[in-house]
Amino acid sequence: MYTCFKASFSKDVENTTATFVNGELKEVKKMETIVTTAWYTMQVPISNGPSTFYGLPGLILEINDGTKMIVCTEIVMNPSEKITIEEPEKGKIVNQADFDKISEEKSKEMMESFSGRGGVEIGNGIKIKVIGN
């Protein structure tokens, strides 16, 4: 059992709802407040959590952002089996400048690959609700 602390964050977002009324598309924009609540413990001194949630002074054990809840169900502090990281057998050693150049080239390749599919927009989705009689 861990002693937990509550942290909350609220953010105002504009949501657009599209509905069909008599065959016409009607968009309604309204501001909503999204409240994200986290429960974290400082008894596990790791500033981490699930998915993209982190930054509190301990491990996030539960997070609820209004649409989904993620709960930690098990913590293994000192595993009985040691984890070994094996050195790769192939590849080559590069200096930082070469690494930066390769990284930039690969990023460009990835962006070109996405642009061929019409691009990717993150965080600007539209929720569509169809209301029937």
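Table for the structure above
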read-out	value
Test result for Asn48, without any contact (Cβ under 8 Å) to a residue 24 or more places away in the chain and surrounded by fewer than 10 Cβ atoms within 10 Å (Cβ to Cβ)	no
Residues of the range 64-93 classified as among the β-branched types (Val, Ile, Thr) and in contact with a Ser or Thr (Cβ under 7 Å, 6 or more places away or on another chain), total	1
Residue among Val28, Val120, Val21 that alone is in contact with a helix residue (DSSP H, G or I) (Cβ under 7 Å, 6 or more places away or on another chain), modelled with pLDDT under 85 and either loosely packed, with under 10 Cβ neighbours inside 10 Å or not charged (D, E, K, R) (or both)	Val120
Test set (1) modelled with pLDDT of 90 or more; (2) assigned to a loop (DSSP other than H, G, I, E, B) - Ile46 fails condition number	(1)
Lone qualifier among Ile75, Ile60 - being surrounded by 12 or more Cβ atoms within 10 Å (Cβ to Cβ) and within 16 Å of the chain's Cα centre (by Cα)	Ile60
Selection from the range 1-43 of residues that are assigned to a loop (DSSP other than H, G, I, E, B) and in contact with a Gly (Cβ under 6 Å, 6 or more places away or on another chain)	Met42
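The values are calculated or read from the model by the stated rules, or taken from the named source; none is laboratory data. Owing to the predicted nature of the structure, the values given are computational and were not obtained by experimental measurement. Heads up, the Cβs are rebuilt from the backbone with ideal geometry, glycines too, and the neighbour counts pull from every protein chain shown.
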